[in-house]
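Data block below; observations after.
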Amino acid sequence: MTPERFKQISRIYAAARLRAASDRGAFLTEACAGDASLQREVQALLEQPTEGLEGLTPSVIAQAIGNADNGGLTGRQFGVYLVGERIGVGGMGEVYRARDTSLPRDVAIKVLPQAFANDADRLARFEREARVLASLDHPHIGTILGVEESDGIRALVLGLVEGDTLAERIARGPIPLAEALEYARQIADALEAAHEKGIIHRDLKPSNIKITAAGVVKVLDFGLAKAGPLPSSDVLGATVTASGVVLGTAAYMSPEQARGQVVDKRADIWAFGCVLYEMLTGRDAFAGLTPSDTLAAILERDPDLGALPATTPAGIERLLKRCFEKDPKRRLRDIGEARVEIDDAERAQALHAGSSVPTSTTTPVRSSPEPISRRWLAAALLSVVAIVAALLLVSTRGRVPAASAPGQFYVGVTPADSFGPGPTRANPIFPYPTRTDVALSPDGTLLVFSARKEGRQQLYLRALTQLEATPIAGTEDSNSPFFSPDGQWLGFWTGVVDAGAIGELKKMRLDGSPAVPLARVPPLRGATWGPTDIVFATVEGEGRLWRMPAGGGTPETLTRLDSKDRRNHLLPHMLPDGRSVLYTIAPPNFANPQIAVLSLVTGETHVVLDQGVDARYVSSGHLVYVRDGTLMAVPFDLKALRVTGTPSAIVKGLMQAVRTGFISVGDTGAAQFSVSNNGVLVYVRSAPVRDLVMSLVWVDRKGTVTPTSVPPGPYGGPRVSPDGQRVLLWKSGGGTLIHDLVRGGLMPVAPGVWPTFSPDGKQFTFSEPSGFVSMSLDGGVTDRFATDGVKVAGSWSPDGQTLLFTRLGADGVWEIHALSRTGGERKVHPAGKTTITERYPQFSPDGEWFVYSSNEQGEEQVYVERYRSAADRHPISTNGGTAPVWAPSGRELFYEAPAPELEHIRMMAVDVTLSPTFAAGIPDVLFEGQYNPGTPQRHYDVSRDGRFLMLQGPQSPHPPPVTQMVLVLNWFDELKRLAPSDR
Amino acid sequence: MEQELHRIAQRHMAGERPGHSLQATALVNEAYLRLINVQKMDWQNRAHFLAMAARLMRRILVDSARARRNQKRGGVKITLDEELLVTADRPPDLLALDDALQALEKIDARRSQVIELRFFGGLTVDETAIVLKVAPDTVMRDSRLAKAWLARELSGGTRHDT
């Protein structure tokens, strides 16, 4: 055919297509004017489909490269096995049929992927589990004959199971109820047996479940999946999550897996629910066009139970609901319960079977499984070429419209163990960063983050072209990374984040040259680098915002705090003009935070946005900021410096340093995200921070523990009444409870927290946002003292006239104040403006003295001071001390000292004499244990009989470590779609 | 750079390690990892790049498929579990498609390129239009005809080589 001929054909073809099918014949005859060959040609083309070929699907790629090796093991001898044909290829390796030369049987040999075989820990765990499973010899678990190694290849030898996978079975349509329940029962049976041995499947899904011709279920591939949701170490490498490539796996992932948390057997229970749902409905419980859509569905939506067959027993529907509980704690606890539920339903089915319509044939009308749409294909294709394309587009720095679909990847923190500083002595509760600890270079090619490895925190650098990050030498104990505008320099802060700490602001080139110190400053609350200056926020200074020449020099303050409103200025981010800075204005508890702009030229400021924290301007023309853990975006006019649209929620569940349990220095509001100038977004998802569940116990001086009748809970600050009859506890999330030590019981008594008894024990005082409230034990309010801020009651003087309390200052440290019934309020400690934290004030029983802790010498120590006579002061502790309390006799002081083990404390005792002059003995260790984490109130008390009422724990685990970040390419497109400008 | 990509692909294809099954994404990502290194190169324009990426991917995949065919003895059932998704579609035979595209190129280079960009490059209609400097409608029309023509070629329809 000649080009001319083809042109002729194409003209007629195009014209013919515009006509209705019925008219085409006549049209062709006329248009071809007797050229029969031309007419045949066009006619034939018109009959062809014009679908498809809109992108590479995984199957196309598999066709090209899926088996592109030397034919694998076929024909080779592998141990005692003669390997035959390959019967399957998948992500977890290739599977071959093999003949056992020692026994007359055929087996399946599954070659473990290299990455798996090279991971010694994982392999060891897997082999251990394989042995246990093999010993189980369970009828519904695929037989594991062993793990073999030959010629450096590791493979799993399995019993050969002939039959379809459940996925293949479901692909042919929903499974009739009775049959589905029978399979579900067998699956539950298998899981139960494995769970009893402590083995979690981790990747239960229909393609891992085989059904033999006789209808016997075999669950395969126990424990093969990685513990995390996606192989995070492989980053832009092996697992592209962008576009449907791991959809199959994502669809069965539990919310906790999707969040990157450690999974337990409840993840299997979730997946079991997905499988059962899919069997009954023929469709995915959680489906999305892309894995991120699927993950969003898993995290946010409930499956449509209306799609279940009408005949589904109520018990099964209930079972599904319990499997689909997002919170693992509320999920079905034990797969054995599912088996019981199914047994019941099956029995009920059997009873009905004789009398009513056979349920096995009834399937209500439902929508067909979602067809593979074009968009879907397009998405799948993105996994391949488009990633190349997308990333290259990114590298062309936005000179052209960016590619159409954002790609999303998980980026692991390897070789580090976990993101952020991890639990530290200063903050054992909240293991996540309290500073923004991710930074992308302006051109989107470099990622810097802080992470912990083997107990050591430092900054890591990862060029997005690398498969792993590398630790940056000289950044040990550093945080708050930020790039210079040209991407050549990295700024950061080195030191220990703690109240009163001082560290160093530094900068370094990323070429291995050493860091250059710039200034000695307290922990940063954000930093940004402009054309000439670095602007940073810290707890010191009038306005908390500072600037200093990036080349070195003296820092100077920038803003002026409103002395009345106790609000901080923090989290600065330079605007592109280099002449103005976005920053956050917020009180220590981040109530009603605002975003403002400060002109570096005129010094003028104005508020641009309410209810926002940590705003950055991104070059799509938006402000991106955080509200209650949700990433928000709003169009922003850079000239007028004002928002021009409505804020939209973009990403939920962003990690942010609020409610860290360490409000004085931890609650900085810093959000874990960074955006490059060309539309690359990196962010970190937060695992939900759980309440610490503590047990209320009695501990005697020797450390002997006696439980109380109070059930464990998220409690703080027990206070024993002077008569030893009652205990006050406050509860995380709000509210004070009262426990009767004689009669038992636990009753809510007040809405506020941090209670302390009045000297006569008939009343107590607690904190509310508006001030302190005194209340009688039966719940009647007796007094109110209005005072703002975050404040914690310490103790009343014996005459009941003065309350010592602590208040969180705007500079993030605790100050001791006194509230008098007659004379109002005054600050007791510290004198003047400092960054010293002083807290836990308590009057001595005679009211002449008070005890408290202070970190003015660096480490926190306990002091006794004559009330209203600051010069008469005496150190008590010698090697660190906090949370002191007087013995009711007044002749002894107790306090907590650090213990070598993280989260443990030592209870110390010191003899004291109050008159005629003060004298203190040498501290003695009474006992040591895991007690009383957290601030801001002393979390224990001493009873008249000399026993300690302590909170032991936490009983619940800490929030799980976070091991991956999320990287989104071409994010601006999504942003423009989700947050269009109103103009 | 093209050579470099090719070398990467070849190395993978050669299957250095028995038992190591190349993941679809590994190839592509390695390609990307190499490509982003050259981001400082002055890309004349996006179109040039997209066209090149599509061409590159076509070459890599077709070469791989050819290498694989030459190695193969008999069919192997590919079960696309795990990372590889099960699709209901039967994928087109890459080698036949490549042949057909070459034939199409001889008689209509632009329509051949439309398919190359759309299928191998994964470009949208609009992007394809930008690359080829034509209207999106034209891309749609070209693409319909090209697909019809290819479909007929691939289904073994009569050739008219006159």
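The values are calculated or read from the model by the stated rules, or taken from the named source; none is laboratory data. Computed from a prediction, not measured in an experiment: that's the story for all the values here. Neighbour counts run over all protein chains shown; Cβ positions are idealised from the backbone, glycine included.
Confirm whether A:Leu804 is buried (at least 20 other Cβ atoms within 10 Å of the Cβ), more than 39 Å from the chain's Cα centre (by Cα) and aliphatic (A, V, I, L, M).
So A:Leu804 fails the test.
Could you list, in sequence order, the residues of region B:126-156 that are farther than 16 Å from A:Leu45 by Cβ and at the interface with chain A (Cβ under 9 Å from one of its Cβ atoms)?
B:Asp126, B:Glu127, B:Ile130
Could you tell me how many of the residues in region A:578-602 are touching a Pro at 6+ places or on another chain (Cβ under 7 Å), in a strand (DSSP E or B) and touching a residue at least 60 places away in the same chain (Cβ under 8 Å)?
The qualifying residues number 2.
Somewhere in region A:559-566, is a residue in a strand (DSSP E or B) and either among the hydrophobic types (A, V, I, L, M, F, W, C) or not assigned by TED's automatic domain parsing to the domain that holds A:Pro442 (or both)? If you could, list the steps in order and put the result at the bottom.
From region A:559-566, those in a strand (DSSP E or B) are none; that's our starting set.
No - not one qualifying residue is present in region A:559-566.
With a cut-off of at least 3 residues that are in contact with a His (Cβ under 9 Å, 6 or more places away or on another chain), name the strands (runs of 3 or more DSSP E) lying wholly within region A:696-801. If you could, list the steps in order and put the result at the bottom.
On the way: elements: A:705-707, A:715-720, A:726-731, A:736-740, A:744-750, A:753-757, A:763-768, A:771-776, A:781-786, A:791-796.
Correct list: A:715-720, A:726-731, A:744-750.
Considering only residues that are surrounded by fewer than 16 Cβ atoms within 10 Å (Cβ to Cβ), within 28 Å of A:Asp945 (Cβ to Cβ) and free of Cβ contacts under 8 Å to residues at least 40 places away in the same chain, which ones fall in region A:864-903?
Selection gives A:Arg891 alone.
Does A:Thr50 meet the test of being within 30 Å of A:Phe6 (Cβ to Cβ), facing chain B (nearest Cβ under 7 Å) and at pLDDT 70 or above?
In short, yes.
Can you tell which of A:Ala501, A:Ala596, A:Ala586, A:Ala591 is under 30 Å from A:Thr470 (Cα atoms) and of a type outside the set (Asp, Glu)?
It is A:Ala501.
Out of all the residues in region A:621-641, is one or more basic (Lys, Arg) and either under 21 Å from the mean Cα position of the chain (by Cα) or surrounded by 23 or more Cβ atoms within 10 Å (Cβ to Cβ) (or both)? Lay out the reasoning, then the answer.
Filtering region A:621-641 for residues basic (Lys, Arg) gives A:627, A:639.
Keeping just the survivors that are either under 21 Å from the mean Cα position of the chain (by Cα) or surrounded by 23 or more Cβ atoms within 10 Å (Cβ to Cβ) (or both) gives A:627.
Yes, some residue in region A:621-641 is basic (Lys, Arg) and either under 21 Å from the mean Cα position of the chain (by Cα) or surrounded by 23 or more Cβ atoms within 10 Å (Cβ to Cβ) (or both).
Among residues belonging to region B:102-114 that are more than 14 Å from B:Pro136 (Cα to Cα) and within 10 Å of chain A (Cβ to nearest Cβ), point out the one that is surrounded by the most Cβ atoms within 10 Å (Cβ to Cβ).
B:Leu104
Within 37 Å of the chain's Cα centre (by Cα), aliphatic (A, V, I, L, M) and surrounded by 15 or more Cβ atoms within 10 Å (Cβ to Cβ), is that true of A:Val966?
On the way: within 37 Å of the chain's Cα centre (by Cα): yes; aliphatic (A, V, I, L, M): yes; surrounded by 15 or more Cβ atoms within 10 Å (Cβ to Cβ): yes.
Here the answer is yes, as A:Val966 does meet what is asked.
Between A:Arg547, A:Arg567, A:Arg520, which is surrounded by fewer than 19 Cβ atoms within 10 Å (Cβ to Cβ) and of a type in the set (Lys, Arg)?
Of A:Arg547, A:Arg567, A:Arg520, the one residue that is surrounded by fewer than 19 Cβ atoms within 10 Å (Cβ to Cβ) and of a type in the set (Lys, Arg) is A:Arg520.
Just for region A:263-272: of the residues that are out of contact with any Lys or Arg (no Cβ under 8 Å at 6 or more places or on another chain) and either part of a helix (DSSP H, G or I) or at pLDDT 95 or above (or both), which one is surrounded by the fewest Cβ atoms within 10 Å (Cβ to Cβ)?
The qualifying residue surrounded by the fewest Cβ atoms within 10 Å (Cβ to Cβ) is A:Lys265.
Of the residues A:Pro718, A:Pro722, A:Pro714, which is touching an Asp or Glu at 6+ places or on another chain (Cβ under 9 Å) and buried (at least 21 other Cβ atoms within 10 Å of the Cβ)?
Only one candidate passes the filter, namely A:Pro718.
Could you tell me whether B:Ala65 is within 7 Å of chain A (Cβ to nearest Cβ), at pLDDT below 85 and within 16 Å of A:Ile9 (Cα to Cα)?
no
With A:Ala26, A:Ala15 as the choices, which residue is modelled with pLDDT of 85 or more, over 30 Å from B:Ala103 (Cα atoms), out of contact with any Gly (no Cβ under 7 Å at 6 or more places or on another chain) and assigned to a helix (DSSP H, G or I)?
Going through A:Ala26, A:Ala15 in turn, just one is modelled with pLDDT of 85 or more, over 30 Å from B:Ala103 (Cα atoms), out of contact with any Gly (no Cβ under 7 Å at 6 or more places or on another chain) and assigned to a helix (DSSP H, G or I): A:Ala26.
Okay, residues lined up against (1) surrounded by fewer than 22 Cβ atoms within 10 Å (Cβ to Cβ); (2) out of contact with any strand residue (DSSP E or B) (no Cβ under 6 Å at 6 or more places or on another chain); (3) at pLDDT below 95:
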| residue | (1), (2), (3) |
| --- | --- |
| A:Asp788 | yes, yes, yes |
| A:Ala793 | no, no, yes |
| A:Trp814 | no, no, yes |
| A:His817 | yes, no, yes |
| A:Ser820 | yes, no, yes |
| A:Gly824 | yes, yes, yes |
| A:Ala831 | yes, yes, yes |
| A:Thr835 | yes, yes, yes |
| A:Tyr840 | no, no, yes |
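Of everything in region A:425-471, what is at pLDDT 90 or above and not in a strand (DSSP E or B)? Give them in sequence order.
Matches in region A:425-471: A:Arg435, A:Thr436, A:Asp437, A:Ser441, A:Pro442.
Within region B:140-162, track down each residue that is under 19 Å from A:Pro3 (Cβ atoms), modelled with pLDDT of 85 or more and not basic (Lys, Arg).
B:Asp142, B:Ser143, B:Leu145, B:Ala146, B:Ala148, B:Trp149, B:Leu150
Test A:Gly163 against the criterion of being within 14 Å of chain B (Cβ to nearest Cβ) and at positive phi, and give yes or no. If you could, list the steps in order and put the result at the bottom.
Working: within 14 Å of chain B (Cβ to nearest Cβ): yes; at positive phi: yes.
Here the answer is yes, as A:Gly163 does meet what is asked.
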